[in-house]
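A.B. asks: Pasting a structure here, questions to come.
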Amino acid sequence: MAIAIALIVLVLVTVLFHIFSPWWLTPIASNWGMIDGTIDLTVWVTGFVFVAVNLFLAYAIIRYRHKQGAKAHYEPENKKLEIWLTAITTIGIMALLAPGLFVWAKFVAMPEDAMEFEVVGQQWEWSYRFPGEDGVFGAVAARFYSGANPFGLDPDDPAGQDDRLVASNEVTLPVNVPLKVLNRSKDVLHNFAVPQFRVKMDMVPGMVTSYWITPTRTGTFDVLCMELCGIGHYLMRGRVVVAPEADFNQWLGEQPTFAQTQEQTTASAAAGEQHYVTCAACHGAQGEGNPQMNSPKIAGLDQSYIERQLHHFRSGVRGASPEDTFGQQMAGMSNVLPDDDAIASVATYIASLPDVPAIAADTENEGNISRGKKLYQNCAVCHGDNGQGIWTMHAPRLAGMSSWYLSTQLEHFRSGIRGTHKTDQYGQQMVAMANILNDSKAIGDVIAYIDTLDQGQEDSSDTATGRGN
Amino acid sequence: MEQVAIADQHDEHHEPTSFITRYIWSQDHKVIAVQYGLTAIAVGLIALVLSGMMRLQLAYPESFTFINPIAYYQFVTMHGMIMVIYLLTALLLGGFGNYLIPLMIGARDMVFPYLNMLSYWFYLVSVLVLVSSFFAPGGPTGAGWTLYPPQAILPGTAGFDWGILLMLISLAIFIVAFTMGGLNYVTTILQARTQGMTLMRMPLTVWGIFVATILGLLAFPALFVSALMMLLDHVVGTSFFMPALLSQGQLTDHEGGSPILFQHLFWFFGHPEVYIVALPAFGIVSDLISTHARKNIFGYRMMVWAILAIGVLSFIVWAHHMYVSGMHPWFGFFFAVTTLIIAVPTAIKVYNWVLTLWRGNIHLTVPMLFAIGFIFTFINGGLTGLWLGNVVVDVPLSDTYFVVGHFHMVMGLSPVLVIFGAIYHWYPKITGRMFNDTLGKLHFWLTFVGAYSIFLPMHYLGMLGIPRRYFANLTTDFIPESAQDMNIGITAAAIFVGLVQILFLINMVWSLRHGKPAGGNPWGATTLEWQTPQTPPAHGNWGPTLPVVHRWAYDYSVPGTAEDFTPQNVPVSPGHDTEDEEART
Amino acid sequence: MNIIVLFMVSVMAVFVWWMVLQRVTAKTWLEQGVAIDPRAGADFQYSHRVASKVALWVFMVVITALFLLFVTAYHMRMHLGDWRPLALPGTLWVSSALLLLASIALQAARHGASNNRRSLLLTGFILGGVFALAFLAAQWWAWQQLSAAGFLVASNPANSFFYLLTGLHAVHLLGGLLVWSKTAGKIAGGAPVASVRLSVELCSVYWHYLFLLWLGLFALLLNT
């Protein structure tokens, strides 16, 4: 008896939960309202069956529960009833399937005039490509990937020269324009998903997958990865800005073409050396750092990392927090560099400095190395097993760098001083990762392990700084 | 093959005498069944603890240093793989299959007892290899239970080196073990049925196990093939599944392979696997319902045909797991149709369970409660299957918590409820003692209501678009903060339900000594396993002569009989015959 | 995937067809007594010999499924563009002949066993194993030739599949040889013919099967 009542209550609870649940489909922002329609229909049909069958079950239990002297009815089968039930079920199934297949046919039928754009996935970031004026994407191949050519475009393919490259996790798309989304992956499986758009498709290395969509609402939407792609899967975020077509066109015009990204910059180590004089005051002539001045070692870092951080300091992405005194000093110092070329030059110069041992701080680190080693596994996927840094991951070298500085930065990431700015894509990932070090000892343990890493590995330092070109 | 089979000859000298031959290197199907069962439950408890830790992380992110992303993805993977393969498959087929097949069809043992013993030992080795990956450098694999390449064997995924290797090896050993067991089950059912036990007189439990075993024998090779090829990609550097790609900034040596090929092979195994678990559960639950409602199973023939239809169809629906995998979208039409067709025989089974209760004489015993609980959760999980099978509905929902809620409801919770019901149902036969009824009922209520409140809300988180396999949800513009409250609620329920299982373990152990003696047939059941001369059944099961079957397995409450059940081996009484015949038509 | 789906569906179709022969439509609740058993009713006797044969046949279906899955994968992988067909060494013709001889020898042994001709049984059975070993040696030699010529396992998917398929076939033959060695020991030790008849019969069936399987694989490798 109790079980019958429980079934009725559970049916009731389920229905009420459904009705009052604040969690349902996010407001749609694409043309796929028909999918929502199919879902609504499915809710009604399956909901009805759920309620009906379970209430009948409860009723049967109440009515035919064991009573003294009762005997069950003997009925091996009832052909008529079974045929009826089969027929009704079949009709119900067809009622779900027919609209479903109808909508799927629309999904499969790519509009001819759809504007193409490409999403590129890699561990753990997004980037985007538009075909440029000629409307044709240049050829790509895995063997062309390098630091200077992160999209892997064939440099000799004329069709690729005008491709617009968006080396950021944020893309702008025009509203009310049918889009053909091409998905490409550089490494493992990913899935470019915007819940408000409803449709998605895996990106598979070695092939290009596609679907189409028409954004119908302007605004900014979160992009999530929806196919497990390694331990940074949950950090693989991006943003889609849906804007009026004119705004989109203006934005697209501001994106560099492939040819532009391949032009030689005027940056030179020689010019950088001039600028470096200012830096040397704190960071040392060899970039060896100076704990007394709270200046970390910078020799041994790769150019792209230094360049990115200098830009961050200049634009207030980093060093803006009043709690970050030395960051604020650095933000001030970065303004000494007059322009982007100067930043590129000084970064080139610093990257060319020979590796020197970091100046150790006075404090002894007494972290637990074996625990640190376990935790470091999480760091190693981006910073490398030997802490050598990996350029595709945008992860700087850790081994042989100033460990007191690493420790401070981990604290900063954890406390929201660094990496929380919305344009600091990798900083945000680092915040999430630093947050796993959530007891007082954890940071010390990891740093203690990093201190033991052998930074001098010839082959791996190639990976760290050699940018493949 | 030269082993002396004891299915047809009762040889007193065959009976093992020492502890070792009786309980360790045993060739008795009942002992092997218990070995399988205990091993599966032990490894299942590990998987249960892993799920608890995952839930802790999701409810209280950034609170536990030892649950970091690497560890989390390892928990996810090992939880899934253990539960699906090493617990559910092993327990339902290796455990219940082994125990029940010979007893239910009136055989003395499996036809190849030695092979049967080997099967268990191979299974144990596969479990040990799997568990050893926890101690391997880098820990177990964190590739997700689907083990998709390329990431499964590339840095960036936990255990990409040793963990995945041990996982693949363990799976290969498991498949060998399963094949040895499966050959035995199929041959025993085909050949060793006692006199009068025609196929259509077999209890549905045997039918479910029979068809599931055939599915397993044909489907596990697909897993073997994909595991072996991935092993070669990983160890030898072939390119079956690996295209040219970048790994941590370096171009790998692989070229030209197809990750989708792996997915096809994996799911060609993976979908039948769902039915390898579900069909024995369907069969068992039919018998529980019929026995405890004192009524014949409604539409026996339809039930058998439905099992067969599901078995056949299960081989042509696999790609509904791959609607968004990047395979050609045209396949969506075909697989949506086949998937929804399979719902028809499945629905018929549900109707027939309910209709068996209708006009029955329902004894709300612990096994019956679990069976009813199963019907409820299976209806829920089956219906959400219609959502995900219908390709357009799947596209927004795939890889969200909706999927997690669905498959836990339909192939996690539902079979587990059946397994509990079955353990309670056959416990008196296995041990000779009754379990504690109060504890059993308490266990049911807390598990049933608790587990439902774990998995129901997950569907709604999924509707919202919360992705599965996320270490932490961080912040997004579309996930309200209330979702995190729900996560805490789900975790509380999950940990509660996990702890409740202690009641079950206590009951099982306590009743072994202190339970009331059960007698041979405490439920008044018709099937042969309840008609053994001794309880627990002795070696050889049947004493000097094999039982002879005179009727189908569901003669409950037949009009004109004094008792409300007539066991299968009761001969036809001449006087009753005609009257009986009339009443039946 | 067409190949394997076709196979699975036909296996299941045969299974269902056989079910229908087993009176799967019978209303068993209306039928009482033992006589309805299609297996000769009350006289039914379990036969270990038949059971072993059934098990072997089921096992061979499973192996077929396994190899067809590889063949399916082979076909799908073949069309991905980087496939360079492998020039098979002539040694494979020799090994095919050896496996055929092994099969014939075991057939002779089986004949000897059923007619109680002990010497034929002994010679045939031993020769069957020896030829099988020679087949394995020839396969090994073919591997050596290929790898010496630079066709390594990882250098092209065609090569990978060649090594994989031949290797797996060899493993199945090795499993057979394990059973063979036990029975051969018994025969050589003078066990009565009747006690080994079943094993000899099962070995011969398995050998024929592996020969046919090899022919199938060889044909596939030759033509692609």
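A.B. asks: How are the C-alpha pair distances of the range B:451-579 spread across 5 Å bins, as whole percents from the shortest bin up?
C.D. replies: 2, 8, 11, 11, 9, 7, 7, 7, 8, 9, 8, 6, 4, 2, 1, 0
A.B. asks: Within 15 Å, Cβ to Cβ, of C:Ala108, how many net charges do the neighbouring residues add up to if Lys/Arg are +1 and Asp/Glu are -1?
C.D. replies: Combined, the nearby Lys, Arg, Asp and Glu give +3.
A.B. asks: Work out, in µm²/s and without decimals, the Stokes-Einstein translational diffusion coefficient of chain B at 10 °C, 1.306 mPa s, Rh from Kirkwood over C-alpha pairs.
C.D. replies: 64
A.B. asks: With the Cα gyration tensor of the range A:115-258 giving a ≥ b ≥ c as the square roots of its eigenvalues, does the rule (a/c under 1.5 for rounded; else a/b larger than b/c for prolate; else oblate) give rounded, prolate or oblate?
C.D. replies: Judged from the Cα gyration tensor, the range A:115-258 comes out oblate (a/c at least 1.5, b/c at or above a/b).
A.B. asks: When N is the residue count of the range A:269-465, what does its C-alpha Rg come to as a fraction of 2.2 N^0.38 Å?
C.D. replies: The value comes to 0.96.
A.B. asks: Give me the percent of Cα-Cα pairs in chain A that sit more than 35 Å apart, rounded to a whole number.
C.D. replies: 48
A.B. asks: Additional query: Quick one: which residues, 5+ away or cross-chain, put their amide H under 5 Å from the amide H of A:Met203? H built at 1.01 Å from N.
C.D. replies: Answer set, sorted by chain and number: A:His190, A:Asn191, A:Phe192.
A.B. asks: I've got another one for you. Whole-Hz Karplus ³J(HN,Hα) for the range B:538-545, in order, using 6.51 cos²θ - 1.76 cosθ + 1.60 and θ = phi - 60°, x for Gly and Pro?
C.D. replies: 7, 4, x, 6, 10, x, x, 10
A.B. asks: Moving on. At a Förster distance of 45 Å, what's the computed FRET efficiency of A:Val108 paired with C:Trp57, Cβ-Cβ distance as r, to 0.05?
C.D. replies: 0.55
A.B. asks: Out of the DSSP beta bridges found with both residues in the protein assembly as shown, what percent are antiparallel (nearest 5)?
C.D. replies: Antiparallel: roughly 70 percent of the beta bridges in the protein assembly as shown.
A.B. asks: Related question: How much space per residue, in cubic angstrom, does the convex hull of the C-alpha atoms of the protein assembly as shown take up?
C.D. replies: Dividing the Cα hull volume of the protein assembly as shown by its residue count gives 181 Å³.
A.B. asks: As a quick test, which of the pairs A:Lys71/B:Lys295; A:Lys106/A:Lys180; A:Lys71/B:Lys441; A:Lys374/A:Lys441 have an alpha carbon distance above 18 angstrom in this structure?
C.D. replies: Pairs exceeding 18 Å: A:Lys71/B:Lys441.
A.B. asks: Relative contact order for chain B: what percent, with Cα pairs under 8 Å and sequence separation of 6 or more?
C.D. replies: Value for chain B: 15 percent.
A.B. asks: Given H placed 1.01 Å from N in the peptide plane, which residues other than close sequence neighbours of A:Ala395 have an amide H under 5 Å from its amide H?
C.D. replies: Counting only residues 5 or more places away or on other chains, the set is A:Ile390.
A.B. asks: Also, I was wondering about something else. Please list, or write none, the aspartates and glutamates whose alpha carbon is within less than 20 Å of the alpha carbon of A:Lys79, excluding same-chain residues fewer than 8 places away.
C.D. replies: Reachable aspartates and glutamates: B:Asp555, B:Glu581, B:Glu582, C:Glu31.
A.B. asks: Here's a follow-up. Counting only C-alpha contacts under 8 Å and six or more residues apart, can you give the relative contact order of the range A:269-465 as a whole percent?
C.D. replies: Relative contact order for the range A:269-465 comes out at 25 percent.
A.B. asks: Continuing with this model, one more query. Computed over the Cα atoms, what is the radius of gyration of chain C divided by 2.2 N^0.38 Å, N being its residue count?
C.D. replies: 1.26
A.B. asks: Could you report the accessible area of A:Asp385 in Å², rounded to 10, computed with a 1.4 Å probe on the protein chains as they sit in the structure?
C.D. replies: Around 100 Å² of this residue is reachable by solvent.
A.B. asks: Provide the FRET efficiency to the nearest 0.05 for the B:His328-A:Asn176 pair, computing r from the beta carbons and using R0 = 22 Å.
C.D. replies: Given R0 = 22 Å and the Cβ-Cβ separation, E is 0.15.
A.B. asks: Mind checking which helices in chain A clear 24 Å along their axis (Cα) and have mean Kyte-Doolittle hydropathy of 0.0 or more, DSSP H runs only?
C.D. replies: A:2-20, A:33-64, A:79-108
A.B. asks: Could you sort B:Thr561, A:Thr363 by their accessible area in this structure, using a 1.4 Å probe and putting the largest first?
C.D. replies: A:Thr363, B:Thr561
A.B. asks: While we're on this one: Suppose each label sits 7 Å from its Cα in the direction of the beta carbon; what would the A:Ser268-A:Ala361 distance come out to in nanometres?
C.D. replies: Placing both labels 7 Å along Cα→Cβ, they lie 4.0 nm apart.
A.B. asks: Another one. Using only the alpha-carbon atoms, what does the range B:381-474 span along each of its principal axes? Please give whole angstrom values in decreasing order.
C.D. replies: Rounded to whole Å, the extents work out to 52, 29, 19 Å.
A.B. asks: What does the C-alpha gyration tensor say about the overall shape of the range B:402-446? Classify as rounded when a/c is under 1.5, otherwise prolate if a/b is larger than b/c, or oblate.
C.D. replies: Here the range B:402-446 falls in the oblate category.
A.B. asks: I've got another one for you. Quote the FRET efficiency, to the nearest 0.05, computed for C:Lys182 versus C:Met78 with a Förster distance R0 of 30 Å and r equal to the Cβ-Cβ distance.
C.D. replies: 0.15
A.B. asks: Further question: If I compute solvent accessible area with a 1.4 Å probe over the protein chains, what percent of it on chain B is carbon and sulfur?
C.D. replies: Result for chain B: 68 percent of the exposed heavy-atom area is carbon or sulfur.
A.B. asks: Can I ask one more? In terms of modelled amide H atoms, which long-range or inter-chain residues lie less than 5 Å from the amide H of A:Thr172?
C.D. replies: A:Val241
A.B. asks: State the answer as a single residue: which of A:Phe144, A:Gly47, A:His312 lies farthest towards the positive end of the charge dipole of chain A, with beta carbon charges of +1 for Lys and Arg and -1 for Asp and Glu, about the Cα centre.
C.D. replies: Final value for the positive-end residue is A:Gly47.
A.B. asks: How high is the relative contact order of the range A:1-97, given as a whole-number percent (alpha carbon pairs under 8 Å, six or more residues apart)?
C.D. replies: Averaging sequence separation for qualifying contacts and normalising by length gives 53 percent for the range A:1-97.
A.B. asks: Next up: Taking the Cα centre of the range A:269-465 as the origin, how large is its charge dipole in debye, to the nearest 20, when only Lys and Arg (+1) and Asp and Glu (-1) carry charge on their Cβ atoms?
C.D. replies: For this selection, approximately 600 debye.
A.B. asks: Here is a follow-up. Give me the distance in nm between label points sitting 7 Å out from Cα along the Cα-to-Cβ direction at B:Val236 and A:Ala320, one decimal.
C.D. replies: Going from the B:Val236 label point to the A:Ala320 one covers 5.6 nm.
A.B. asks: At a probe radius of 1.4 Å, what is the per-residue accessible area of C:Leu222, in Å² to the nearest 10?
C.D. replies: Rounded to the nearest 10, that gives 80 Å².
A.B. asks: Shifting gears a bit: To test your reading of the geometry: what angle, between 0 and 90 degrees and rounded to tens, separates the Cα axis of helix B:366-389 from the longest principal axis of chain B?
C.D. replies: Rounded to the nearest ten degrees, it is 40.
A.B. asks: Then there's this: Put a dot 7 Å past each Cα toward the Cβ at A:Val13 and A:Lys67; how far apart are the dots in nm?
C.D. replies: 2.9
A.B. asks: Please compute, for the alpha-carbon atoms of the range A:343-426, the extent along each of the three principal axes and give them in descending order in Å.
C.D. replies: 40, 34, 25
A.B. asks: Additional query: So how far, in whole Å, is the C-alpha centre of the range B:471-530 from the one of the range A:1-68?
C.D. replies: Cα centroid to Cα centroid, the span is 23 Å.
A.B. asks: With every protein chain left in place, what is the accessible area of B:Lys349 in Å² (1.4 Å probe, nearest 10)?
C.D. replies: Surface accessible to solvent at B:Lys349 totals approximately 0 Å².
A.B. asks: Could you look at chain C and say what percent of its accessible area is carbon and sulfur, using a 1.4 Å probe and all protein chains?
C.D. replies: Here it works out to 72 percent.
A.B. asks: Mind ranking B:Tyr554, B:Tyr275 by accessible surface for me, highest first, 1.4 Å probe?
C.D. replies: B:Tyr275, B:Tyr554
A.B. asks: Using a 1.4 angstrom probe with every protein chain in place, what is the largest-first accessible-area order of C:Trp143, B:Trp330?
C.D. replies: The residues order as B:Trp330, C:Trp143, largest area first.
The values are calculated or read from the model by the stated rules, or taken from the named source; none is laboratory data. Remember, predicted model here, so these are calculated numbers, not experimental data. So basically every Cβ, Gly included, is an ideal-geometry build from the backbone, and we count neighbours across all protein chains shown. These area figures cover heavy atoms from the full protein model, side chains too; ligands, DNA and RNA do not enter into them. Shrake-Rupley method; radii C 1.70, N 1.55, O 1.52, S 1.80 Å.
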